[in-house]
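Presented below is the structure to which this report refers.
Nothing in this text is a laboratory measurement; each read-out follows from the coordinates by a stated rule. What you are looking at is a predicted structure, and each value in this text was computed from that prediction instead of being measured. Quick reminder, even Gly has a Cβ in these numbers, built from the backbone with ideal geometry, and neighbours come from all protein chains shown.
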Amino acid sequence: MRSPLFPLLISLSCLSEWAQRLGVEAVFLYSTLGASVTVPCDGLREYDNSYISWVFKHRSETTVELSRGGMITDTDPDRAGRLRLGSNSSLHIDRLRTRDTGVYTCHQYVNGKHYTSGLPVTLFLLSISVSSSSSACLRAGDRLTLKCGLDCGGGAGSCSETPQGLTLSWRDESGVPLKDERDRYSIAELRGVHSQLSVTLGQSDHNKSWTCVLTERGEMKTSESYTTTLSDELFSTVGRLLLLSCVAPVSLGPGETLRWTYRQSRTSQAVVLYSLRSLTETPLKGTVPHSGRAVMSANSSLLIHNVQTGDAGLYCCQRDKDTGPKKTHRTFALNTLSVVFPVSSNLSEEAQKGSAVTLTCSLTCGFDCEENTELIWRDSTGNSLQGGTSERNKSTISSQLVLQPQSSERIRCSVEREGLERVSQDWTIKIEAGPGSAGSAVELAVRLTVFFITLIAPLVAGAVVYTKRRSSTQTETVPHGLEMTSHG
């Protein structure tokens, strides 16, 4: 039994040949992922007892009916929920996806029989993809590669056949075309309507948009933009409570997921700490090294309890969409500072007077450590102290301080860059005088004096109180008006 759509397939084929023979120009629409578009149904007259039917064909898939007689008939619930019929029998498509690319044709039926068809309308979508070698979490100095092209269901540049006269160009936020610049921009035209932009990012590129513009014979048809979000640098001492904010309030649409990811310093693999989809928090198990210490709050912020040295790295809050590239809301490069005492991790340590004390201060960087970052030792008055050995590599900076303190002292290790302190850790060393020293004798005498005063004072006070009470009692027992006489 023949499908009821079989006549429509023949009509599409015949209509395409008829348009070519008559030299009728085909209709092309251009839009972007996530946008809305209106597909026209032009050139048809209204007749009594007539209705319009819309059909659609995506690449090599079977033709499907979208509407009939003013009603949406598509059996795909996802697509049907994004379709609307407008005036003049036009078809509106919301929240465009790559699967919406293809050929749309309206057909007119009179008295229940196919009468005529409108010209097929081919929909192309312009999209930007980020090269797999480029990290979604970026910092100044990174090389970012963006690919822009017409998407027919397989990503940017997947359309094998495209209309003539189409060109792509890259522009900055002010609309000025970008050109090849040594060590800054590099633009390459790829196969078909497909262009690639590579750019070395600077700090001024934070929240900057890069726009790919599609033109047809000099007329702009559509454009798509990608915004670069560079990392904010954070410094924290070990043991602190740290809050990383993302977006508030979180408003996720259909098919969107908010994720916190973490990438440890000097590694390329990111792990997912938490994900949030359709306002339902979904914690992931056993992430290392944050197990049991990282929590995502209701407003999508990430809370890290008891920060550890290994927490240094890159934290990204991203929104994944099934339409278009990922959107990075916030990125943090966390650097952690720790001061290590050779015996214990308490902030207050005891040492013998004059004995050598070694402190080690270490900075673990979320990215490569900046060359102008230094570890500085200072005393309680702010004076700089000469350290011991120092070591530096791409991911860590460490410095040792050797002291022979004569009295209790507070020491500070601070991270400084270009003369500004970014974070610091204080350490108190208490001096316990050695036995047999003059200081020890004086301290012993003072302690004994205090002990005896503490012991005797209550006895003396008790005796005084007893004497006063006895004297008072004897006075109260003497009758008024009588004279006391002493007899020998």
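Couple of notes before you dig in:
- Fewest-first ordering of 296, 220 by other beta carbons within 10 Å of each residue's beta carbon gives 220, 296.
- Summarising the amide proton neighbourhood of residue 59: residues at separation of 5 or more, or on other chains, whose placed amide H is nearer than 5 Å comprise 103.
- Cross-link pairs 57/147; 208/327; 147/208; 147/221; 221/327; 179/394 - those with Cα-Cα distance over 22 Å: 57/147; 221/327; 179/394
- Potential lengthening of the chain between residue 45 and residue 308 amounts to 87.3 nm, from the contour at 0.36 nm per residue minus the alpha-carbon distance.
- In this structure, the amide hydrogen of residue 29, modeled 1.01 Å from its nitrogen in the peptide plane, lies closer than 5 angstrom to those of 122, 123, 124, counting only residues at least 5 positions away or on a different chain.
- Between residue 297 and residue 391, the contour length at 0.36 nm per residue exceeds the Cα-Cα span by 30.0 nm.
- Its Cα centre serving as origin, the range 126-228 has a Cβ charge dipole (Lys and Arg +1, Asp and Glu -1) of approximately 160 debye.
- Extension gain from residue 113 to residue 227, taking 0.36 nm per residue of separation minus the Cα-Cα distance: 35.9 nm
- For the range 68-73, 3J(HN,Hα) computed residue by residue from phi via the Karplus equation (6.51, -1.76, 1.60; θ = phi - 60°) reads 7, x, x, 10, 6, 10 Hz, glycine and proline entered as x.
- Label-to-label distance, residue 428 versus residue 380, with points set 7 angstrom from Cα along the beta-carbon direction: 0.9 nm.
- Less than 5 angstrom separates the built amide H of residue 82 from none of the residues sequence-distant by 5 or more or on a different chain.
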